[in-house]
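The next block holds one structure in the form of structure tokens; read it before the comments.
Each value in this text was obtained by applying a stated rule to the coordinates, not by laboratory testing. The structure presented is a predicted model; accordingly, all values stated were derived computationally and were not measured. Backbone-built Cβ (ideal geometry, glycine too); neighbour counts: all protein chains shown.
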Amino acid sequence: MSRPIRVLVAKPGLDGHDRGAKVVAAALRDAGMEVIYTGLHQTPEMIASAAVQEDVDVVGLSILSGAHMTLFPRVHDLLVEAGRDDILLTGGGIIPKEDMAALEARGIGKLFGPGTSTQDLVDFIRAWFAEHKAQEA
Amino acid sequence: MTSTQHIEDVVRQQQEELSQLRAEVAEWRAKFEASRTRDVSYTNSATEVEPLYTALDLENSAGTAFETPGTWPFTRGIHATGYRGKLWTMRQFAGFGTARETNQRFKYLLAQGQTGLSVAFDFPTLMGYDADHARSEGEVGKCGVSISSLADMETLFEGIPLDQVTTSMTINGPAIILFCFYVAAAEKQGVPLEKVAGTVQNDILKEYMAQHAWCFPIEPALRLIVDMFEWCSTNTPSWNTISISGYHIREAGSTAAQELAFTLADGFTYVERGIERGLDVDDFAPRLSFFWDIHNDFFEEIAKLRAARRIWARHLKERYGAKNPRSWIMRFHSQTAGVTLTAQQPMNNVVRVAYQGLAAVLGGTQSLHTNSMDETLSLPTEEAVQVALRTQQVLAYETGVPNVADPLGGSYYVEALTDKLEAEAEALFEQINEQGGVVRGLEDGWFQKRIAEAAARQQWEIEQRRKLVVGVNEFVTDEPELTIPLLKVGAEAEAEQRELMAKLRQTRNQAEVTQRLDALRTAARGSENLVPFILDCARSYCTLYEIRAALEDVFGAYREPVFF
């Protein structure tokens, strides 16, 4: 069948809450994806460069610090600058609904909040991959 | 009748009663097995739980039958008076934006009847970065208040006399620096050092384990903590030098037994480091305090708190030779479990918090933070905080719960569960020792892996609907979600803080700043106590990051083991 989906799970900024990121990384791996986890305290530059070097399909950011309006657009811009706007930038955390909508309007997301089932993330990523990347697989 | 005969009669009678009870329990068990419809056999932490507890479950344990509150080994509480002497301190954790904004929130909370202050710092401060550092961009004031120097600390407590409040500061990696800012601010208010009272969290071991706001590698970080034990024992005797925290370990995913054992193992490590420094355990142990997470499983949480006190007392006296009863007693703060709050149907969180708060009080907490209903969505609004504080006030003044000390003492279930958690903790201490102790376990990721595994298992249980979460995987409503107003922290705080920093850097005595940072570097290379050097830096308005960087020049930075 098709090649495995490659995902970079990243923790940008100074936020140390990694329970969600680790649970998500393990769930995506269990769903058959190739998952790379960056560890904590990454700058947007470190994340974008890891995404390009590892040639991933998806970057998932976990942000619980309230800095999402700074960090998501920064990573997004860096991926675009690197010519990799084909990479899906998604993620989740403590993000108010209006902010999710504002980020989605900029081509970021979908974003997920507390209480999301990991199956919903798997389904979302698979559907996106089938639509955008399956032809090259 | 001789007394021997009398004792034999009593024993025979007791044995007859017990075998009768055994027969009755067997009969009850048969009825139960025949008609049970719901299979709920585990506590929240996957500890097996029986559907009924009787005297048979305490056959090999006295429970607390011969114990009163305020006496060894303190299972039933540290005060003879329970809450009749003093209610618990209602201490709501608060902080956002600039020092000026948080100062206003503190004054509001004090006016509402709150009895202690608790400072939440933003991520840059927690990591030791100034508001104008490049790595702070977008994060200043978002998750707490931004404090980059003594000047900000002075603003934070403007109009709040520091000899009349006790302040808890949740800060770890750079705790020693923020502590010195606080002491210097008290000096500026003219408050004598012996009147400075409060707590710094200062528990770096659980940062490597779970919360992840660290600065330095493990060994120099432990040195800084022991420096504080030493300095505070003579200079600020009313200051709690550490709040050894299970909270973050549990929030990161551990079970109740892991929270209990890992936290106590951290506590033992600090005691050992203090003793290795040559300190008398009774000089610093009385200032060690604890901080527990109060999760959903009501009785398990109460049992955890009772077991924690008993384990600490036994180890301090029997293993570390503490002679002062104040070294044996475990004083602790509790906070309801943030991780149990749901973004769905957020008003339900008020109910969760009330039950958790009740468990904390039945477990004998010294102070309590009750979470606000909106905390899975943002920092709490004033209205939400008020409901959370009122929840404690209703508990304290209307329910009658604080009238009796340890009211669940003697409950077969609570006593059996207390014994069980104690035994599980002891078994985990063995495992920790076998794999080389706490520091080794952190370097190898032993603790981190166990916590991540427990978190993954809990997520799986929810997704498999083995565990029901009201409003999330059961009783879900299709109607538009009830929305509640949210607090917005804008970008203005960051701009304002940057401006203040620029001004500070221009107006302070730069030569003195350089000289004191150099003195700190030199001292850090040796083995002197670093508190006086950092305090001097604070007095000269050296910034948080300047002090961190000076120490990092000598100590290096921490690198985490990455895995999932």
Computed P(r) (all Cα pairs; chain B; 20 Å bins; percent): 20, 54, 22, 4, 0
Under the span-like rule (Cα at least 24 Å along the axis, Kyte-Doolittle mean at least 0.0), DSSP H helices of chain B: B:218-235, B:256-276
Using the Cα centre as the reference, give the magnitude of the dipole from point charges on the C-beta atoms of the range A:18-132 (Lys, Arg: +1; Asp, Glu: -1; all else neutral), rounded to the nearest 20 debye. 360
According to the square roots a ≥ b ≥ c of the eigenvalues of the Cα gyration tensor, what is the shape class of the range B:290-417, taking rounded for a/c under 1.5, prolate for a/b larger than b/c otherwise, and oblate for the remainder? prolate
Could you tell me which Cys residues in chain B have no other cysteine's Cβ under 4.7 Å from their own Cβ, answering none if every one has a partner? B:Cys143, B:Cys180, B:Cys215, B:Cys232
In the range B:1-145, with Lys and Arg counted as +1 and Asp and Glu as -1 at Cβ, which of these residues, B:Met127, B:Ala34, B:Thr4, has the Cα nearest the positive end of the dipole, that is, farthest along it? B:Met127
Using the count of nearby Cβ atoms within 10 Å as a rough guide to exposure, how do B:Val489, A:Val24, B:Val145, B:Val25 rank from fewest to most? B:Val25, B:Val489, A:Val24, B:Val145
Which distance in nm do the two modelled labels at A:Asp120 and B:Leu21 give, with both placed 7 Å along the Cα-to-Cβ direction? 4.9
Two-decimal log10 I(q)/I(0) for the range A:18-132, as the Debye equation yields it once each C-alpha is a single scatterer, q = 0.16 Å⁻¹: -0.71
What's the magnitude of the charge dipole for the protein assembly as shown around its Cα centre, counting Lys and Arg as +1 and Asp and Glu as -1 at the beta-carbon? Answer in Debye, nearest 20. 980
With a/c under 1.5 counting as rounded, go ahead and sort the protein assembly as shown into rounded, prolate or oblate using the C-alpha gyration tensor (a ≥ b ≥ c being the square roots of the eigenvalues; past the cut-off, prolate if a/b is larger than b/c, else oblate). oblate
Net charge around B:Arg331, counting only other residues with Cβ within less than 11 Å of its Cβ (Lys, Arg = +1; Asp, Glu = -1)? +3
Compute, for the range B:503-564, the length of the dipole vector about the Cα centre, with Cβ point charges of +1 (Lys, Arg) and -1 (Asp, Glu) only. Units Debye, rounded to 20. 220
Mind sorting A:Ile47, B:Ile147, B:Ile78 by how few other Cβ atoms lie within 10 Å of their own Cβ, fewest first? B:Ile78, A:Ile47, B:Ile147
Mind jotting down the distance between the C-alpha centroids of the range B:247-303 and the range B:371-392, whole Å? 27
With an 8 Å cut-off on Cα pairs and a minimum separation of 6 or more residues, tell me the relative contact order of chain B in percent. 19
Using a 10 angstrom cutoff on alpha carbons, build the Gaussian network for chain A and name the most mobile of A:Asp15, A:Asp55, A:Asp120. A:Asp120
Between the range A:44-92 and the range B:517-546, what is the separation of their alpha carbon centroids in Å? 38
Anyone know which of A:Pro73, A:Pro44, A:Pro114 comes out most mobile in the 10 Å Cα GNM of chain A? A:Pro114
Give me the percent relative contact order of the range B:20-148, please, defined on Cα pairs under 8 angstrom at least 6 residues apart. 17
Square roots of five times the Cα gyration tensor eigenvalues for the range B:365-435, Å: 33, 22, 9
Cα centroid separation - the range B:202-246 against the range B:1-73, whole Å: 43
If we count every other residue with Cβ under 9 angstrom of B:Thr43's Cβ, Lys/Arg +1 and Asp/Glu -1, where does the sum land? -3
Would you order B:Glu194, B:Glu496 from fewest to most other beta-carbon atoms within 10 Å of each residue's own beta-carbon? B:Glu194, B:Glu496
Grab the Cα-Cα distance for B:Arg12 and B:Asp444, subtract it from 0.36 nm times how many residues apart they are, and report the gain in nm with one decimal. 150.0 nm
Please say if the range B:1-121 is rounded, prolate or oblate, where rounded means a/c under 1.5 for a ≥ b ≥ c the square roots of the C-alpha gyration tensor eigenvalues, and otherwise the choice is prolate for a/b larger than b/c and oblate otherwise? oblate
Looking at B:Asn348, B:Pro220, B:Ala65, which one has the Cα that reaches farthest to the positive end of the dipole of chain B (charges on Cβ: Lys, Arg +1; Asp, Glu -1)? B:Pro220
Calculated from DSSP helices alone, with each H run of at least 4 adding -39500 (n - 2.57) and the total divided by the residues of chain B, [θ]222 nm to the nearest 500 comes to -15500 deg cm²/dmol
Taking H as built 1.01 Å from N, whose amide H comes closer than 5 Å to the amide H of B:Ser168, not counting residues under 5 places away? B:Leu117, B:Ser118, B:Val119, B:Thr199
Lysine-lysine proximity count for chain A, Cα under 18 Å, sequence distance 8 or more or distinct chains: 4
Semi-axis lengths, Å, the range B:368-524, gyration tensor of Cα atoms, sqrt of 5 times eigenvalues: 41, 32, 23
Taking Cα pairs closer than 8 Å and at least 6 residues apart, the relative contact order of the range A:18-132 in percent is 25
In the protein assembly as shown, if the dipole is taken from +1 on Lys/Arg beta carbons and -1 on Asp/Glu beta carbons about the Cα centre, which of B:Leu530, B:Ala186, A:Met69 is farthest to the positive end? B:Ala186
